[in-house]
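**Student:** One structure, as structure tokens, below. Some questions next.
No lab work stands behind these numbers, since they all come straight from the coordinates. Only a predicted model underlies this, so the values are computations on that prediction, with no experimental measurement involved. Note: ideal-geometry Cβ built from the backbone for every residue, glycine included; neighbour counts use all protein chains shown.
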Amino acid sequence: MTLFILLFIPLIGGMLAWYSEKFNANLPKKIALVSLLCCWLPLFSPLNNIIFNDNSFALSQWLLNEPHSWIPIFNIGAHLAMDGLSLLLIVLTLLMGLVALSSAWHEITKRTGFFYLNLLWTLAGVIGVFLAIDLFLFFVFWEVMLVPMYFLISIWGYENRHYAAIKFFIFTQAGGLLMLLSLCALVGVHFQQTGLLTFDYIILLQNPISGDLAFWIALGFTIAFLVKLPALPFHSWLPDAHTQAPTAASVILAAVLLKTGGYGIIRFVLPLFPDASLILAPSMMLIGVIGIIYGAMMAFVQTDLKRLVAYSSVSHMGFVLLGCFAFNIYALQGAVMQMLAHGISTSALFVLVGMIQHRYHTRDLNKLGGLWSKLPKLSAFGLFFGIASLGMPGLGNFVAEFLILLGSFEQYPKLTIFAASGLILAAIYSLLLIYKTFFGQIKGPHDSKISDTNTKEWVTLLSMCFILIYLGLHPQPFFDLTYTSLTNLTFIPSNIGS
Amino acid sequence: MIPLSWIFFLSLSLFTIGIFGVLARRNLLFILISLELMLNAVVLLFIAGSRYHPTSIANSDGQIMYILILTLAASEIAIGLSLVIHMYRQHHHLDIDKLNQLRD
Amino acid sequence: MIDNLFLISAAVILISALLTITAHNVVHALLYLVVTMLAVSMVFFLLGASFAAALQIIVYAGAIMVLFIFVTMMLHQGEKSLAQERHLFHFSTSIGAFILTLILFCELIFILFFMPLDIDNALTHTYHSEFISVKQIGKQLYGPYSLLVVISAMMLLSALITAIHISKSAHILPKTTKNQEAKL
Amino acid sequence: MTYYASLLSLIPLLPLFSALILLFSKPNKLTTALLAVGSISGAACISLFLNFVFWQQTDFVLTSNLGNWIKIAQLHINFSLYLDALSLVMITIITGVGALIHLYSIGFMYQDKDFKRYFTYLNLFVSAMLFLVLADNLLLLYLGWEGVGLCSYLLIGFWYQDRDNNLAANKAFLMTRIGDTAMALGLFLLFIELGTLNIQDLQVQALSVWSSSNNNMANLCCLLLLGGALGKSAQFPLQNWLPDAMAGPTPVSALIHAATMVTAGIYLIARNSQLFQMAPDVMYLIAFIGTITLLLGASAAMVQSDLKRILAYSTISQLGYMFLALGVGAGASAVFHLMTHAFFKALLFLSAGALIYSLHHEHNIFKMGGLLKKLPIVATSFAIGCAALASLPFTSGFFSKELILEQLIDSGHTNFWWAAVLGAFITAFYSARLFFVVFLGDSKQSPDKQPEKIMSLVLLLLCFFSLFGGIQPSGIQTLMPKLNASGLTTLQHWLPIVLPFIAISLAWWMFKTNLFGKTITVPALQYFHQLLKSGWAFDRIYQVIFVSPFKFLCQLNKSDIIDLHYRALEKISKLLHKKFSQFQNGKLRCYNASLIIFCVLAFAWFIKGALMS
């Protein structure tokens, strides 16, 4: 039952926060904080039996497995299970929930109750996505996390937030529907082949379907996840959603919602359709590489700070896609690590951009400049996270990108050379970001009352720095955690690649 | 005995004349009149149909259908005409093309 | 003998129908319509449906057409409406409708005569001559078709109520609409 | 032995800890200086102590493991340090020169308000360099490599208010980043081919796996590693970032762009010497690039007017010498030249710093003159530095450059020898020109303040080293054959010794007829002078070939072509909506007509169907 508790806490917390707004204005924040903190309790048991007695993976891949029946007629079960990969991503979600909460603490003033409802329900949806093992339940949570995010962007966003919110909604909804189609097709084909109608992932895993229909179903799933992980052709919702979303929403969007795409590929596409994903692999890696270069080139010319960071995350997610379809253990570990490191570094950048916007009321790079002399602490953090996002060794992003490129070099050397050029392009736009905002002469008005980072912001940013450094210097625990769930994906096919 | 195809031709041409009447005339009254024509054409067919029905005993379904169509025509005309009056009272003309407020 | 009688009445039907729809004066159109109705009742007689013919004359031509004429008289159309009518309907505006109906007519004729449908042979061999008596219709009506009677009764009732309601509100409405306009 | 291991691990960690302490605490200037210089001099003492310990032993190895980094499948990487003769020399140079430069920069940077930030970056830089030099595997080396690049970026752009400094810093970081990416690709290839990234195992595996020398995989790996070295050591294709890197404070230029960072490339090739032995073509390429850079740097330095840019171009040409030595297989002589160069180039830069400090940030040498009397210490240190640079006899520069020239002949590359000698001539010429223009002649400006005592002390210490830097620990001796002049012809032996004097007299003659400051009228000569001044116009070439097309392409695609497609989709649907709404015009007759039209079509379809069958 622990997983269901973990799921219901944010849901109930959200309702309470919304209801409590009637009593006084800043009660919802506190309730949201309390519910986020006690989300950690259910995680306590799996966490400590991993840290202390690390034989937790001895028996099976799943740390916690809770099958319950939900709709018996179609044999749809409310089946939640957690393995190393989902545990990692849930911990990331909760962390980023706290960061989003801290950044929204002073920024959101109107209708706070409803805001925290949406925030917590998005988190609940995402946790559900990471835990759901039953495909139907997975789809339900896929939609649950989408609707509150739409409200977050469209109500508390900036100038043309409606356009961005609607665009975000249409893109992800189209992806979701495509996934629903392929999901039903998968179950149908499985039923024909084995006469067993089930939506359960573990059973579907036993006898993967093959043939050209499997290819189309795999393609359906992959496209749905490509929309969410913004791969190249479907990425155009991300910059708009990020620029118009309030800081808390764009932190959640960047840190967690993008990861559901990557998680989906690793969890559902690769194991369920082994030979179809082999056929898909070259084109997907090509899309990944083009995404890296295209995202970086787009980030280079942006004048809006948030758009620049948004396009940079398109480029980083291109690396994840490259890693997922490279089919060897290094690339997959790199992809998971990239999801974690990118989640932290990009959301930190968004928190910083939020702070700059909160103080200077502008995101335009041409109007910003010389922040180092006015706000040294904030600029120091900005420099650190800018450097992290360009992949400086000793920080999480470098380890991830190194592993991804190492893994994909083994399969497609020529393609990886272009992907490696992404490292140079990443350096270009990160340096541009740092130079345009923090160095140079001050352009903005000189009101001296603008305060540097207060303790709350200072603590959140500093903790994120330590996490990134820890990820960079000691990533081994994360590798061991996801080792079991990734090894069965890495059937290194001898036929592809030179 | 009248060959059925003639009756078919007759009712068919009557029906087409009715349609032309509905399409061409812009006065509501004339539309109602041509509607009546179309109804008669249909009734003709019903009666002919039952008359030529190849069963041993005499078949009167056509005429029963005629009775029904008759009541239909009557009620339809009653409402049609009251609408015409209503329209005339309000717009002082019966041109149907001017009645397009429902559009926007 | 019956055939040429049928031909005459068919011709009358067609001509008067054409005249109905092309007449400019409403009353002329109505009268031509009455003539059509009578000719149709003649055809009913030829087809042996004497009861239907009688009904046609009494109810259709008698009652409905009279109602029609009664209403047109109420609308005191006068000379103005005749000029208006000439303006509303002249051949050049309805050329589109004419072509459309012509195409429809040709298609129907084509289907009727040139399509390889086998309607003629089935009918010619067994037909019977005696008339259908009113008693027979009555038995049928209140036998298997009793439901039909109930439905038509309901329909007539509803038509009655609607007609009364609309014509009643017709009185009140113009007054209210006037002061509504004043208010606007 | 473990005692030494923990001592070894202390060397890179000391500066790191002091950098972190400085980062998070807000000490006053004195404690910052004490902490910073203390940690570096601590590391220097440890390395000196290790020198004494291993002075006699010829082949000693000391390793210490700081912990595990990445362990997946075959990839076992851990933070382990590896000390042998080569890295011992390197850490002595880095910590020795580093300590002196830290000491010097206390005086130099005392007025600056970002005193703490400066020393944090400097300490971070030295610790990254030490990690690079002591790394046991290529990934930790890469970590140090990028860390060094980052700190050089931060230090070049130290005075961030000025726009040019930032641009210079960005340029430096990006150029080195291109080299680093090539090196990263080299790392991947090496791991896939040889299954490990540990440097010592690599050398062993290379011998066994790539049996036949000169197979293309060995060439490819060495080429990629060379790419990294070229980027970092500012060699031929990627060298135009070094002159702009002079925008940083002068002690930074001394430490980073003369003594330590630029030597990383040479260390990388020297460290993987067996690997490069397997690829003779790449060795020849290294020699070739060395010569080109040598001549390019020297010729450009001849015409510069900015004091620090002259020294930057001379660094490029001296590095060219070292690459040349590496190319012909004389790794030890390259390292030896690296050591001596570190001392006298640091001396030159620091004395230039003192000069700028006292002349209140005056960089143009033609605005200085006749300072011999006014700044005696700076003048003497400058003189010794220039002498060593021009490799006059009995200076350390003489020993190391002679050794390289001799190695060139031993390995039979006589054409490279001639180029090297020409380079030596030009080097002597421009160092003499520099000295005469700055210190002799009529004085245009008088210095408003003398350099700090601490700066003069450091200068004297460095003078001592650059004169007697020739002595080396025994470890290097074994790698290096004795200075036997057996194989040389008399010309080859005496020419390099006589040549600097000829160059100096030529420079003296030109100075006397004050040809130096005169504006050139002859258009062809003027064009050539401009070409040399801009470092053979590499900046413009790269701007035209790479930068502007890239910028143009990005600007072209500013509004995201793919996004335009989606917006076009939206516009199309709006258009269709407008078109179709015309049908809803409220006229009954139109609705009837559409009804009849449909019947007509239905009949037509029915007829077609019936006719077809």
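**Student:** Go through D:HIS360, D:GLY385, D:VAL458 and say which Cα lies farthest out towards the positive end of the charge dipole of the stretch D:341-518; charges sit on Cβ, +1 for Lys and Arg, -1 for Asp and Glu.
**Tutor:** Farthest towards the positive end: D:HIS360.
**Student:** Provide the FRET efficiency to the nearest 0.05 for the C:THR93-D:ILE607 pair, computing r from the beta carbons and using R0 = 45 Å. Mind dumping the intermediate values first?
**Tutor:** Details: r = 30 Å, r/R0 = 0.66.
Plugging the Cβ-Cβ distance into 1/(1 + (r/R0)^6) gives 0.90.
**Student:** Regarding the stretch D:63-206, what is the average projected area of its C-alpha convex hull, in nm²?
**Tutor:** Values: hull surface 40.1 nm².
Averaged projected hull area, Cα only: 10.0 nm².
**Student:** So how do D:ASP164, D:ASP448, A:ASP452 line up by other beta-carbon neighbours within 10 Å, fewest first? Before the final figure, lay out the partial values.
**Tutor:** Values: D:ASP164 11, D:ASP448 8, A:ASP452 15.
Exposure proxy ranking, most exposed first: D:ASP448, D:ASP164, A:ASP452.
**Student:** Using θ = phi - 60° and the Karplus relation 6.51 cos²θ - 1.76 cosθ + 1.60, list the HN-Hα couplings for the stretch D:297-308 in order, rounded to whole Hz, with x at every Gly or Pro.
**Tutor:** x, 4, 4, 5, 5, 4, 10, 5, 10, 7, 4, 6
**Student:** Could you please rank D:THR92, D:THR490, A:THR260, D:THR32, placing first whichever residue has the fewest other Cβ atoms within 10 Å of its Cβ?
**Tutor:** D:THR490, D:THR92, D:THR32, A:THR260
**Student:** Which percent of the Cα-Cα distances in the stretch B:38-91 go past 16 Å?
**Tutor:** Of all Cα-Cα pairs in the stretch B:38-91, 54 percent lie more than 16 Å apart.
**Student:** Using a cut-off of under 20 Å, list every residue of the stretch D:439-472 whose amide N is near the label point 7 Å from the Cα of D:HIS360 along the Cα-to-beta-carbon line.
**Tutor:** D:443-453
**Student:** May I pose another question? Dipole magnitude of the stretch D:559-612 about its Cα centre, charges +1 at Lys/Arg Cβ and -1 at Asp/Glu Cβ only, in debye to the nearest 20?
**Tutor:** Details: 8 positive and 3 negative charges, 65 e Å.
That gives a dipole near 320 debye.
**Student:** Residue by residue, what Karplus-based ³J(HN,Hα) values in Hz, rounded to whole numbers, does the stretch A:350-358 have, using 6.51, -1.76 and 1.60 with θ = phi - 60° and x for Gly and Pro?
**Tutor:** Running phi through 6.51 cos²θ - 1.76 cosθ + 1.60 with θ = phi - 60° gives 5, 4, 5, 4, x, 5, 4, 5, 4 Hz.
**Student:** Name the residue farthest towards the positive end of the dipole of the stretch D:1-137 from the options D:LEU66, D:PRO15, D:VAL133, assuming +1 on Cβ of Lys and Arg, -1 on Cβ of Asp and Glu, about the Cα centre.
**Tutor:** Value: D:PRO15.
**Student:** Here is a follow-up. Obtain the radius of gyration and the Kirkwood radius of chain A from its C-alpha atoms and give Rg over Rh. Walk me through the numbers before you get to the answer.
**Tutor:** Details: Rg = 21.7 Å, Rh = 22.7 Å.
That ratio is 0.96, to two decimals.
**Student:** Going by amide H atoms built from the backbone, whose H comes under 5 Å of the H on A:ASP83, apart from near neighbours?
**Tutor:** Long-range HN contacts for A:ASP83: A:LEU63.
**Student:** Oh, and also: With θ set to phi - 60°, apply the Karplus curve 6.51 cos²θ - 1.76 cosθ + 1.60 along the stretch C:39-55 and write out the HN-Hα couplings as whole Hz, x wherever there is a Gly or Pro.
**Tutor:** Taking θ as phi minus 60°, the curve returns 5, 5, 5, 4, 5, 4, 4, 4, 7, x, 9, 5, 4, 4, 4, 4, 4 Hz for the stretch C:39-55.
**Student:** Could you pull out every residue, at least 5 positions away or on a different chain, whose amide H is within less than 5 Å of the one on D:ALA330? Hs are placed 1.01 Å off N in the peptide plane, and Pro or chain starts have none.
**Tutor:** Under 5 Å from the amide H of D:ALA330: no residue qualifies.
**Student:** Relative contact order for the stretch A:336-428 using alpha-carbon pairs under 8 Å, separation at least 6, rounded to a whole percent? Walk me through the numbers on the way to the answer.
**Tutor:** Values: 57 pairs, mean separation 28.9, N = 93.
RCO, the stretch A:336-428: 31 percent.
**Student:** A further question follows. Put one equal scatterer on each alpha carbon of the protein assembly as shown, apply the Debye formula with no solvent term, and list log10 I(q)/I(0) at q = 0.07 1/Å to two decimals.
**Tutor:** Results for the protein assembly as shown at q = 0.07 Å⁻¹ read -0.83.
**Student:** Could you compute the FRET efficiency for A:CYS184 and D:GLN582, with r as their C-beta to C-beta distance and R0 at 45 Å, rounded to 0.05? Don't jump to the answer; show the numbers that get you there.
**Tutor:** Working: r = 39 Å, r/R0 = 0.88.
E(calc), rounded to 0.05, equals 0.70.
**Student:** Then there is this: Which residues' amide hydrogens lie under 5 Å from the amide hydrogen of A:ILE76, considering only partners 5 or more residues apart or on another chain, with H built in the peptide plane?
**Tutor:** Here A:TRP70, A:ILE71 satisfy the definition.
**Student:** Mind checking which aspartates and glutamates have their Cα closer than 18 Å to the Cα of A:LYS29? Skip sequence neighbours fewer than 8 apart in that chain.
**Tutor:** A:GLU21, A:GLU107, A:GLU457
**Student:** By counting other Cβ atoms within 10 Å of each Cβ, how are D:LEU319, C:LEU5 ranked from fewest to most?
**Tutor:** Working: D:LEU319 29, C:LEU5 14.
Placing the least packed residue first, the sequence is C:LEU5, D:LEU319.
**Student:** In addition: Calculated FRET efficiency, D:SER443 and A:ASP452, Cβ-Cβ r, R0 56 Å, to nearest 0.05?
**Tutor:** Efficiency computed from Cβ-Cβ geometry: 0.70.
**Student:** How much length would be gained if the chain were fully extended between A:GLU159 and A:ALA25, taking 0.36 nm per residue of separation minus their Cα-Cα distance, in nm to one decimal? Show your work: numbers first, answer last.
**Tutor:** Values: separation 134, 0.36 × 134 = 48.24 nm, distance 2.48 nm.
My answer for the length gained is 45.8 nm.
**Student:** Further question on the same structure: Between D:VAL547 and D:THR519, what is 0.36 nm times their sequence separation minus the Cα-Cα distance? Round to one decimal in nm.
**Tutor:** Details: separation 28, 0.36 × 28 = 10.08 nm, distance 3.24 nm.
Full extension of this stretch gives 6.8 nm more.
**Student:** Another question, if that's okay. Restricting to Cα pairs below 8 Å that are 6+ residues apart, what does the relative contact order work out to for chain A? Please round to a whole percent.
**Tutor:** Details: 833 pairs, mean separation 70.7, N = 498.
Reported relative contact order: 14 percent.
**Student:** Place a label point 7 angstrom from the Cα of D:VAL421 along the Cα-to-Cβ direction, then list the residues of the stretch D:267-308 whose backbone nitrogen is under 13 Å away.
**Tutor:** Correct set: none at all.
**Student:** Sticking with this structure for a sec: Among A:HIS342, D:GLY517, C:TYR60, which residue has its Cα positioned farthest towards the positive end of the charge dipole of the protein assembly as shown, with +1 placed on the Cβ of Lys and Arg, -1 on the Cβ of Asp and Glu, and the dipole taken about the Cα centre?
**Tutor:** D:GLY517
**Student:** Would you mind checking the radius of gyration and Dmax of chain D based on alpha-carbon positions, in Å?
**Tutor:** 31.0, 118
**Student:** With charges set only on the Cβ (+1 for Lys and Arg, -1 for Asp and Glu), what does the dipole of chain D come to about its Cα centre, in debye to the nearest 20?
**Tutor:** On the way: 37 positive and 25 negative charges, 505 e Å.
Approximately 2420 debye in magnitude.
**Student:** While we're on this one: Residue separation times 0.36 nm, minus the C-alpha to C-alpha distance between A:PHE8 and A:GLN193: what's the value?
**Tutor:** Details: separation 185, 0.36 × 185 = 66.60 nm, distance 3.66 nm.
Fully extending the segment from A:PHE8 to A:GLN193 adds 62.9 nm.
**Student:** Here is a follow-up. Within the stretch A:301-498, how many Lys pairs that are eight or more residues apart, or on different chains, come under 15 Å at the alpha-carbon?
**Tutor:** Details: A:LYS306/A:LYS367; A:LYS306/A:LYS436; A:LYS367/A:LYS436; A:LYS367/A:LYS443; A:LYS374/A:LYS436; A:LYS374/A:LYS443; A:LYS374/A:LYS449; A:LYS377/A:LYS456.
Lysine pairs meeting the criterion: 8.
**Student:** Could you give the size of the charge dipole of the protein assembly as shown about its Cα centre, using +1 on the Cβ of each K and R and -1 on the Cβ of each D and E, expressed in debye and rounded to the nearest 20?
**Tutor:** Numbers: 73 positive and 59 negative charges, 841 e Å.
Roughly 4040 debye for the protein assembly as shown.
**Student:** Which lysines have a Cα less than 29 Å from the Cα of C:LYS168, not counting those fewer than 8 places away in the same chain?
**Tutor:** B:LYS98, C:LYS80, C:LYS178, C:LYS183, D:LYS587
**Student:** Restricting things to Cα coordinates, could you compute the convex hull volume per residue of chain B in Å³?
**Tutor:** Working: hull volume 11.6 nm³, N = 104.
Each residue corresponds to 112 Å³ of Cα convex hull volume.
**Student:** Once you keep just the Cα pairs under 8 angstrom separated by 6 or more residues, what percentage relative contact order results for chain D?
**Tutor:** Here the relative contact order equals 12 percent.
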